[in-house]
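Okay, so here's the structure we're looking at.
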Amino acid sequence: MKTQTDMRIGVFDSGYGGLTILAKIRQQLPEYDYIYLGDNARTPYGTRSFDVIYEYTLQAVRYLQAQGCRLIILACNTASAKALRTIQQHDIDPETLRVLGVIRPTVESLSTEVMQGSKQSLHVGIVATPGTVSSESYVIELKKQNPALVITQQACPMWVPMIEAGEHTSAGADYFVDKYINEILAKDPQIDTLILGCTHYPLLLPKIRKALQGRSIRVIEQGDIVAKALQKYLQRHSEIERELSRNSSCTFLTTESEDKFQDSASIFLKEPICAKHVELAN
Ligand code: DGL
């Protein structure tokens, strides 16, 4: 049993994508101790059914809680869209564990800007996994904030597998980046804001920008948004913040082979890391 000041922050993703969130959280809040868990052996989640995504995500949440996490960020839009609410409502005791997602903070940050009128955005595009798109989570949340928004979604089923395979910088990846960007722009040529609604996608950003061909479209990445939202959350919840340990450490766990994860994650994070293999089960 972990003592009160020995609690860590868990960051979970189906694979490497959550590292784009973890890096920004650690920049913003370097003092805390983190555990990153990537379910790389079972990625992608985005093409799986609701039941499977829920089951896998719940296994990860339980595992991270057993490792001493008081707070877990689902750094995965698919898990946030498909599993977060059920887990919050049925599977955890908020007195001992809080689980947060990445969709709500993304929508809130965008709508704050829109509400403030600082950056006009009426045509919003969302690129995401098939699971996130079919959940309609972004559409529902954005419409709640501003019913006048014109929202267009595009599922990009090939992007996560390309990134997990380390092919995201290869010339071959251009084909699928261009394909999905062209498809969403054909559906709404007036898009002025494009949400990268999958935590893997920032790794494709140079190719996404190239595919946008100089159009003035604001591309929204989630890392900074989630990091700032977490900072505010901890300010609001001092009872949780007090329980967190502060050794600036990060432990990396993966369901894949340690070597494979270490090699890829070190490239994504631009620093050498050491990972431990774990098994997730009920
Ligand atoms: N990074 C996950 C997300 O944000 C990718 C999901 C997948 O494994 O397909 O949706």
| said: Cβ contacts < 6 Å: first residue in contact (Cβ under 8 Å) with a residue 24 or more places away in the chain, restricted to the range 62-85; second residue of a type in the set (Phe, Trp, Tyr) and within 9 Å of the ligand (Cβ to nearest atom), any location; separation 6+ or different chain. Result? | reply: Thr78/Tyr45
| note | Residue count, the range 153-177, condition over 20 Å from the mean Cα position of the chain (by Cα) and buried (at least 16 other Cβ atoms within 10 Å of the Cβ), comes to 2
| query | Is it the case that Ala79 is in a helix (DSSP H, G or I), under 20 Å from Cys156 (Cβ atoms) and either among the acidic types (Asp, Glu) or touching a strand residue (DSSP E or B) at 6+ places or on another chain (Cβ under 8 Å) (or both)? | reply | yes
| task | Kindly list the number of the only condition in (1) within 14 Å of the ligand (Cβ to nearest atom); (2) part of a helix (DSSP H, G or I) that fails for Leu58. | result | (1)
| request: Please identify the pairs in which a residue from the range 223-250 that is within 19 Å of Tyr36 (Cα to Cα) has its Cβ atom under 6 Å from the Cβ atom of a residue that is among the small types (Gly, Ala, Ser), counting only partners at least 6 apart or on another chain. | output: Ile225/Ser109
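Thr57: among the hydroxyl-bearing types (Ser, Thr, Tyr) and modelled with pLDDT under 95, yes or no?
Taking the combined requirement at face value, the residue does not satisfy it.
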| message | Give me the residue from the range 20-41 that is within 11 Å of the ligand (Cβ to nearest atom) and under 19 Å from Leu280 (Cα atoms) and, out of that set, surrounded by the fewest Cβ atoms within 10 Å (Cβ to Cβ). | response | Asn40
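The values are calculated or read from the model by the stated rules, or taken from the named source; none is laboratory data. Computed from a predicted model, the values in this text were never measured in an experiment. Ideal geometry is used to build each Cβ from the backbone, glycine not excepted, and the neighbour counts take in all protein chains shown.
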